[in-house]
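Here is the structure we will look at.
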Amino acid sequence: MTATVFERVRVIASDVFGLPSEEILATSSPENVDAWDSTQHLNFVLALEETFQLQLSPDEMEKIRTVSDAATLIGEKLRAANG
Amino acid sequence: MPISIQPYREEHQKAVKAFNLRLRAGTTDPNLVFYERAQPEWLPPFDGSPLYNQYFVALESEEVRGAYALKCERFFLAEHGEYAVACYHHPLSEGIVNRKYSAVGSLLLRDALGREPMLYALGMGGLDGPLAKMLKVMGWSLQLVPFFFRVVHPYRFFRQMNALRRASWRRALMDLAAFSGTGWLAINAAQSAKRLGRPIGPFDAVEVDEFPSRTDDLWLEAKDAYRLASVRDHQTIARLYPAGDKHLTKLCVSRQGRVIGWAVVGERRKDAKFGSLRVGSIVDCWAHPVNAAAVVLAATQALERHGMDLVVSNQAHKAWCQALAGCGFFQAESNFLFATSKKLSALLSGNLSDFHLNRANGDGLPRNF
């Protein structure tokens with residue numbers, strides 16, 4: 001994942017979970033972010049899809065267990081889309 | 001480990017029991033349990049019937065981390081005819097007790113939509129519940145189905161209606177209303193006043209063990225009066241309310257020897273908010289809107305004969321709401337949501353007040369009665 005992708009994902013996470021950007025870490029997850037419940041996970045996924053113009057399958061959604069996972073997945077999909 | 005969502009099979013039963021134990025250990029809500037048998041006891045798949053339940057589990061290796069059910073059925077939609085739809089019900093996620101699995105709830109919903117895009121959900125306890133919030137995020141349409149109640153025994157209502165007796169001043173006021181008789185007078189006056197000017201006309205109502213085949217014609221005659229209705233032909237209601245089933249009462253309503261409608265009524269299971277009140281519900285009903293009042297009155301009288309202290313109903317269609325008001329029912333705040341997926345919402349025309357929806361459309365039969 002590139003720094004740019006991670007930063008963009010971090011901004012989305014900050015917005016969805018209502019936390020300042022600096023509090024969103026690569027290891028941020030439902031286990032350490034109070035606001036990260038089922039509904040907010042869905043919001044997070046939808047925001048990622050809209051921002052990066054991608055569609056995430058249920059399998060891919062399930063792989064997102066941390067902010068770092070989200071950024072890695074998005075990075076891979078962007079690379080695949082750009083050939 | 002990745003999570004995979006599959007149809008619930010017998011080999012998953014032990015894991016579902018373990019899942020339920022973990023949920024019970026982590027919450028105070030005894031209703032947060034999934035079905036422990038893979039084969040649905042209510043509406044199992046049968047002989048090609050379009051009305052049946054299907055269960056699915058979210059597996060992480062051999063552990064169950066979530067589950068949901070689909071009640072597959074047919075809706076009649078104005079301008080489109082009959083459509084296969086499904087009611088999304090009983091979604092449960094280990095995320096409720098273990099934040100590591102917070103994503104499971106959203107996975108269940110997306111999986112269900114992938115299997116059946118024409119989804120709806122009913123109930124959910126209001127707009128603030130977690131499922132309602134997720135559905136809203138997914139772009140579903142959410143509307144509250146009006147709730148009505150009628151007090152049959154005012155003294156018991158004032159003494160037992162725990163939901164209204166939470167504050168000490170309220171308890172004192174309700175006890176005063178009960179013991180002085182003023183409550184009885186007030187309720188009877190208000191309920192009688194609502195009936196004035198709304199003649200219903202003569203009708204006969206009989207309790208039946210089995211609905212007659214004439215109910216097929218009744219379905220065909222009345223369906224076009226609604227913009228949305230769950231198919232209620234004879235085959236469907238015979239499956240929902242089979243002969244010999246005693247925990248719900250089936251009523252046939254006639255006028256001049258011709259069946260004009262039917263209703264299913266029953267006593268709700270005890271609920272702490274109602275204290276020891278016996279609460280009857282108009283669970284399901286069908287008639288042309290012009291005959292709704294006769295069917296509502298017949299259903300109400302049947303529940304009163306069966307000794308109910310309070311009668312309740314959720315109805316969407318304006319004719320049925322007017323019928324309830326005309327029979328002395330009060331309308332109160334509802335937490336009974338009707339939610340439709342984007343694909344289903346796109347096919348709907350009209351408003352909620354043009355749709356025929358009941359409690360029976362949800363997942364509460366028969367366990368709530």
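For A:S29, B:S276, B:S230, B:S353, what ranking results if the residue with the fewest other Cβ atoms within 10 Å of its Cβ goes first?
Values: A:S29 19, B:S276 10, B:S230 23, B:S353 16.
Neighbour counts put them in this order, fewest first: B:S276, B:S353, A:S29, B:S230.
Restricting things to Cα coordinates, could you compute the convex hull volume per residue of chain B in Å³?
144 Å³
Note the angle between two axes, namely the Cα long axis of helix B:104-115 and the longest principal axis of the Cα atoms of chain B, as a number of degrees from 0 to 90, rounded to the nearest 10.
80 degrees
Averaged over its residues, how many other protein chain Cβ atoms are within 10 Å of peptide B:125-137's Cβ atoms?
Average neighbour count from other chains, rounded to a whole number: 2.
From the C-alpha coordinates alone, can you work out the Kirkwood hydrodynamic radius of chain A, in Å?
Result for chain A stands at 12.5 Å.
Compute log10 of I(q)/I(0) for the protein assembly as shown with the Debye formula, placing one identical point scatterer on every Cα and leaving out solvent, at q = 0.08, 0.09, 0.10 Å⁻¹, to two decimals.
Results for the protein assembly as shown at q = 0.08, 0.09, 0.10 Å⁻¹ read -0.55, -0.68, -0.81.
Which Cα, out of B:G307, B:A103, B:V33, lies furthest along the positive dipole direction of chain B (beta carbon charges, K/R +1, D/E -1)?
Checking the options against the dipole of chain B, the answer is B:G307.
Tell me which residues come under 5 Å, amide H to amide H, from B:R65 once H is placed; ignore anything under 5 positions away on its chain.
Under 5 Å from the amide H of B:R65: B:A58, B:L59, B:E60.
Let's test the formula: R0 of 30 Å, r as the Cβ-Cβ distance of B:S334 and B:V208. What FRET efficiency results, to the nearest 0.05?
Details: r = 30 Å, r/R0 = 1.01.
Computed FRET efficiency for B:S334 and B:V208 comes out at 0.50.
Residue-wise, which Karplus ³J(HN,Hα) couplings in Hz belong to region B:219-225, taking 6.51 cos²θ - 1.76 cosθ + 1.60, θ = phi - 60°, and x for glycine or proline?
Going residue by residue, I get 4, 5, 5, 9, 4, 6, 7 Hz, with x marking Gly and Pro.
If each residue's Cβ is checked for other Cβ atoms within 10 Å, how do B:H234, B:H247 rank with the fewest at the top?
Exposure proxy ranking, most exposed first: B:H247, B:H234.
Using Cβ counts within 10 Å as a stand-in for footprinting exposure, how do B:V145, A:V9, B:V290, B:V137 rank, fewest first?
Lowest to highest Cβ neighbour count: B:V290, B:V137, B:V145, A:V9.
Can you tell me the dipole magnitude for the protein assembly as shown around its Cα centre, using point charges on the Cβ only (Lys, Arg +1; Asp, Glu -1), in Debye to the nearest 20?
Values: 51 positive and 49 negative charges, 334 e Å.
Using Cβ point charges on Lys, Arg, Asp and Glu, the protein assembly as shown gives about 1600 debye.
Which of the GluC sites (Glu not before Pro) found in region B:266-369 are in a DSSP loop and have at most 16 neighbouring Cβ atoms, other than their own, within 10 Å?
B:E333
Please express the Cα-Cα pair-distance distribution P(r) of region B:222-265 as a list of whole percents, one per 10 Å bin, running from 0 to the bin with the greatest distance.
Histogramming region B:222-265 at 10 Å steps yields 22, 51, 26, 1 percent.
Relative contact order of chain B, please, whole-number percent, based on alpha carbon pairs below 8 angstrom and at least 6 residues apart.
Relative contact order here is 20 percent.
In degrees from 0 to 90, rounded to the nearest 10, what is the angle of the helix A:38-52 Cα long axis to the longest principal axis of chain A?
Result, in degrees: 40.
Tell me what chain B gives for mean residue ellipticity at 222 nm when only DSSP H runs of n ≥ 4 count, each as -39,500 (n - 2.57), the sum divided by the residue total, rounded to 500 deg cm²/dmol. List each step's numbers first, then the result.
Numbers: 11 runs with 113 residues, N = 369.
Mean residue ellipticity, 222 nm, calculated: -9000 deg cm²/dmol.
With the dipole of chain A worked out from charges on the C-beta (+1 for Lys and Arg, -1 for Asp and Glu) around the Cα centre, which of A:I24, A:Q40, A:I74 lies farthest toward the positive end?
Toward the positive end, the furthest listed residue is A:I74.
Thinking of region B:147-333 as a set of Cα atoms, what percent of all their pairs are more than 32 Å apart? Mind showing how you got there, number by number?
Numbers: 3211 of 17391 pairs.
Counting pairs separated by more than 32 Å, the tail of P(r) holds 18 percent.
I want the local charge near B:G139. Using Cβ-Cβ distances under 11 Å, sum +1 for each Lys or Arg and -1 for each Asp or Glu among the other residues.
+3
To the nearest 20 debye, what is the magnitude of the charge dipole of chain B about its Cα centre, counting +1 on the Cβ of each Lys and Arg and -1 on the Cβ of each Asp and Glu?
Numbers: 45 positive and 35 negative charges, 272 e Å.
The calculation lands at about 1300 debye.
May I ask for the angle, rounded to the nearest 10°, between helix A:3-17 and the longest principal axis of chain A, with both axes built from Cα atoms and the value confined to 0 to 90°?
In chain A, helix A:3-17 runs at an angle near 40 degrees to the longest axis.
Please list the non-local residues whose amide H lies under 5 Å from the amide H of B:E82, H modeled 1.01 Å from N, same-chain partners needing a gap of 5 or more.
Those lying under 5 Å, H to H, from B:E82 are B:L77.
If you build the convex hull over the alpha carbons only and average its shadow over all orientations, what do you get for region B:258-316? Give it in nm² to one decimal.
Approximately 4.3 nm², given one-decimal rounding.
In deg cm²/dmol and to the nearest 500, what is the mean residue ellipticity at 222 nm of chain A if only DSSP H runs of at least 4 residues count, each as -39500 (n - 2.57), divided by the residue total? Working shown, then result.
Working: 4 runs with 51 residues, N = 83.
Calculated from helices alone, the mean residue ellipticity at 222 nm is -19500 deg cm²/dmol.
Each reported figure results from applying straightforward, stated rules to the coordinates on display, with no laboratory input. Note that the coordinates shown come from a computational prediction; the quantities given were computed from them, not determined experimentally. Please note: Cβ atoms are built from the backbone with ideal geometry, for glycine as well, and neighbour counts cover all protein chains shown.
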